[in-house]
Amino acid sequence: QVQLVESGGGLVQAGGSLKLSCAPSATVVSIKPMAWYRQAPGKQRELVARITSGGTTNYADTVKGRFTISRDNANNTLYLQMNSLKFEDTAVYYCNEIYGRYSWGQGTQVTVSS
């Protein structure tokens with residue numbers, strides 16, 4: 001089973017930036033469609049951004065223009081660059097295969113202070 005390890009979260013002021021990383025235990029980033037999800041307190045997990053194996057990206061309307069999903073195939077790492085962060089971006093962020101088929105990792109907490 002693929003293990004997912006997310007990192008890079010933290011506390012940031014509104015308007016700031018963070019870059020999240022995801023390191024799967026198996027070589028999947030270059031061959032599987034991958035995604036970033038987030039779950040805010042009291043809310044359901046939602047898809048934030050996804051990238052296909054061909055490199056096509058899609059974003060939730062709430063983050064479009066501010067977040068960028070990318071990957072480093074050589075290092076089997078998925079990234080999420082988050083700019084112009086807003087209070088409502090506060091959540092635990094997770095990576096997974098696009099349909100959430102792998103076991104969920106611990107996630108990384110992103111807290112945006114207003």
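Name the single residue that is farthest from residue 8 (Cα to Cα) among those in region 38-62 being touching a Leu at 6+ places or on another chain (Cβ under 8 Å) and of a type outside the set (Val, Ile, Thr).
So the first thing to find is which residues in region 38-62 are touching a Leu at 6+ places or on another chain (Cβ under 8 Å), and the list is 48-49, 51, 60.
After this cut, where a residue has to be of a type outside the set (Val, Ile, Thr) as well, the list is 49, 60.
Details: 49: 16, 60: 20 Å.
Checked region 38-62; the qualifying residue farthest from residue 8 (Cα to Cα) is 60.
Report whether or not residue 111 is of a type in the set (Ser, Thr, Tyr), modelled with pLDDT of 95 or more and more than 11 Å from the chain's Cα centre (by Cα). If you could, list the steps in order and put the result at the bottom.
On the way: of a type in the set (Ser, Thr, Tyr): yes; modelled with pLDDT of 95 or more: yes; more than 11 Å from the chain's Cα centre (by Cα): yes.
Against the criterion (of a type in the set (Ser, Thr, Tyr), modelled with pLDDT of 95 or more and more than 11 Å from the chain's Cα centre (by Cα)), residue 111 qualifies.
The values are calculated or read from the model by the stated rules, or taken from the named source; none is laboratory data. As the structure is a computational prediction, the values presented were derived from the model and not from experiment. Positions of Cβ are backbone-derived with ideal geometry, glycine not excepted, and every protein chain shown enters the neighbour counts.
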